[in-house]
Each structure stands twice: as C-alpha cells, then as structure tokens.
1. Restricting to strands (runs of 3 or more DSSP E) lying wholly in segment 68-158: which have 2 or more residues that are in contact with a His (Cβ under 8 Å, 6 or more places away or on another chain) and not polar (S, T, N, Q)?
2. Based on what the data block shows, is PRO180 open to solvent by 50 Å² or more (accessible area, probe 1.4 Å) and over 19 Å from VAL277 (Cβ atoms)?
3. Given the conditions (1) small (Gly, Ala, Ser); (2) under 25 Å from ALA71 (Cα atoms); (3) open to solvent by less than 40 Å² (accessible area, probe 1.4 Å); (4) assigned to a loop (DSSP other than H, G, I, E, B), and given that SER286 satisfies all but one, which numbered condition is not satisfied?
4. If you take the residues of segment 96-112 that are under 35 Å from the mean Cα position of the chain (by Cα) and not polar (S, T, N, Q), which of them is nearest to LYS226 (Cα to Cα)?
5. Just the residues that are exposed (fewer than 12 other Cβ atoms within 10 Å of the Cβ) and either aliphatic (A, V, I, L, M) or touching a Lys or Arg at 6+ places or on another chain (Cβ under 8 Å) (or both), please, taken from segment 88-108.
6. Would you point out which residue out of PHE203, PHE183 is of a type in the set (Phe, Trp, Tyr), modelled with pLDDT of 95 or more and over 20 Å from the mean Cα position of the chain (by Cα)?
7. Search segment 223-244 for residues that are among the basic types (Lys, Arg) and pair each with any residue that is modelled with pLDDT under 95 and part of a loop (DSSP other than H, G, I, E, B) when their beta-carbon atoms are under 6 Å apart and the residues are at least 6 apart or on different chains.
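The values are calculated or read from the model by the stated rules, or taken from the named source; none is laboratory data. Just so it is clear, the structure is predicted and the values come from calculations on it, not from any experiment. A quick note on method: Cβ atoms are made from the backbone with ideal geometry, for glycine too, and the neighbour counts reach across all protein chains shown. Each accessible area value is taken on the protein alone, full model and side chains, heavy atoms only, with ligands, DNA and RNA left out. Shrake-Rupley method; radii C 1.70, N 1.55, O 1.52, S 1.80 Å.
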Amino acid sequence: MAKRVGAGPGTSKARGAWRAWTASGLCAVAAVGVLAGPAPAAATAQAPPAVPSLSALAWEVMDADSGTVLAARAPHRRLPPASTLKTLFALTLLPKLRQDTVHQATHADLAQVAAGSSLVGVDEGSRYTVADLWRGVFLSSGNDAVHTLARMNGGLPRTLTQMQATAERIGARDTQVRSPDGFDTPGQFSSAHDLALIAREGFKNSDFRRYMGTKWARFPAAGGPKAFGIQNTNRLLVGSHGVRPYPGLIGVKNGYTSQAGTTLVTAATREGRTVLVTVMNPQKESFNAVYEEARALLDWGFAAKPPRAVHNAGPQQHLTAHKLVAATPVSSGTPDAGPGLTRHLGAAAALVVLSCIPLVIRRRLRGRRRPLA
C-alpha cells in the first residue's frame, strides 16, 4: 500500500492549493483596481486670488454674463446712490421716448432741478433731440437733462412711479426712489447689489450700452452757436484727473453727493467675459478712491475663475447684508464620481470576480483528481 505523504508546501496537493489561492488573490487585486480606477492627477489649479481690502462701505463684483455674484461686501446695505440712480432712470425711460424726437426746452422742464445739481447746460428755448438729452444724462450727469426727459414722459410723479415699478420688476428690492436723478432726498436709497442688477438689465438695451460707453460728444449734436463739447465724467472710461483709463471698460455711471460720497457702477470686457463692479462711498480721503477701488475689483474679477454654474443674480436669497459674501470663485478640480459611475465600476468589478471563479474551481478539481504518491 502506498505510503500517504503529509501535506506540505512541497507536495502536489499543496502546490495546487497554492495556485488556486494565488489565482483568487490576483482576481481580487484586479477587482480592486477596477474600483479604484486611474489615480487622479495631481491638483495643479492655483489658489484663487485674495479679495482686495477696500475702504468702501459697500461693493460687489458680478459676472455680468451669468449674473453670478463673485464677491461682495455689505451688498444689501441701503445707502444714498447719488447719480448712479440715473441708470434706473435710463432703464425705465429709454424704451418710452424716440431718440430722434425734437424737444424745445421750457422753464417748466427745469423748474424742479435742485440747487447744486450737476448740469449739462440745457437752455430754455433751445431745441434738443432725445438722443442729445440722453448724452447729457450719461456723459455730464446733467440733472437738467433728466428733468427735461421726465417732463416729456408725462411728469415727475409718473416717472418716479415707473422707476419704482422697474426696480421691483427686476428684483432690486433695496431701492426706494424719491428723485429721478439721484440727488440727495430723504427716504431715497439703493444698494451695491441693486445697482449691479440695474446695470446688467440695462446691458440688454442697445441705446443704454451706446450711451454708457460714449466718451465725448457735442451738445447739441446738431451744432449751432450754442453747441459745445462734453466729456464723460467716468474717469476710468476716459482717463482724467490722474486716473488711468481701464482697458476694456464699457461704462456705466458714476456719482457724487455730500450724503452719498462717491459712487460708481462700471464694467469691462476682456476675452469675451464681462465683469461688473459697484462701489459705494469709499472712506479714503481721495476723490479718486472710488475709481482705484473699482479698478482693484475689476482686476480681481478677471483674475478669478469664471463661475462653473450659471445663477441668475436674484434679489436677496443668496446674499447676507453687511458682511463679506462669496469671497472666492468656484475652484476647479476633478469631479466626484456620481452614482451612475459608481454603479458602472461596481458592475465591472463583479464581472472580473465572476470570470475568475472557473479558474479557481478548475485548480481545485485538478488537485483532487491527482493520485496519491
């Protein structure tokens, strides 16, 4: 009778078991490899730039194309808007008056212009087109041009009601209108976010875009002995008073009153992308502070990556008043595997394991059929 040899690493039975165990181990490793997938590439995205430290009481940076707020400070703080409110005036009245309509200015047109207002020089008895008056509004911030257009629209009360309705329609809920030109008036205020909403809505109107970006013009354009040149008071647009023009700037409106301080709504386009900035009442003792702080925000907005998703800039639902909001853009990286991808990887791993089972079974059967030594 053949002598039974004890099982050990050197026996054929042990070698068969070793091969089966090895095969099953390799299958398990393969399954783990499928689940793990390729190793993610090392993150190469640079850290987003730091948000500038500014002196303005309120400011906001918006991606004008998507309406996404990229960064803000106190975006819903209600402050006097000064002449930046003229953007709401223009948004409301531009569709209502034909640009080629000719109007002869009257005493009544100018009767309610507040003392100390900025003026373009509307002269009682002179004739102006509506386009002339709009250039007076955007370039010279002329309150006399504003009141003349308001009279042409049916009067001041009607115009104020329409402006308030426009603000409510676009979701500018921080805005209360008491004057058509932004001059200091009790109970009148707006916010950095609302002014951005108003400007972005204005971009949809070709007349609004044309006037907001006009640097120089003749007033009136028809000429005559009383005609004169006017220049846009937005120093970032034209480059004046020690302020360098900003590359790609397209508008929109600046303002100043004793209560509001300096205010600015401005936008620039670069490589097909438009960044919109609002700055309200810088605390630095420099009249150019509003322009330099807007410059810093524009630079930051272009340096920050554009938002990955499109979110309409609504009223207040995603912003908190009186504090920094959304200070950094969305960073880029490898997206997480979703449920669908996880299911596919799981199925692939199962197939690998199932394909290995016959191999393991055959190894074990061969070990059993081999005669004893």
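1. The qualifying strands (runs of 3 or more DSSP E) are 68-73, 127-129.
2. no
3. Going through (1) small (Gly, Ala, Ser); (2) under 25 Å from ALA71 (Cα atoms); (3) open to solvent by less than 40 Å² (accessible area, probe 1.4 Å); (4) assigned to a loop (DSSP other than H, G, I, E, B) one by one, SER286 breaks only (3).
4. ASP100
5. Once the filter is applied, which keeps residues that are exposed (fewer than 12 other Cβ atoms within 10 Å of the Cβ) and either aliphatic (A, V, I, L, M) or touching a Lys or Arg at 6+ places or on another chain (Cβ under 8 Å) (or both), segment 88-108 yields only GLN104.
6. From the options PHE203, PHE183, the qualifying one is PHE183.
7. none
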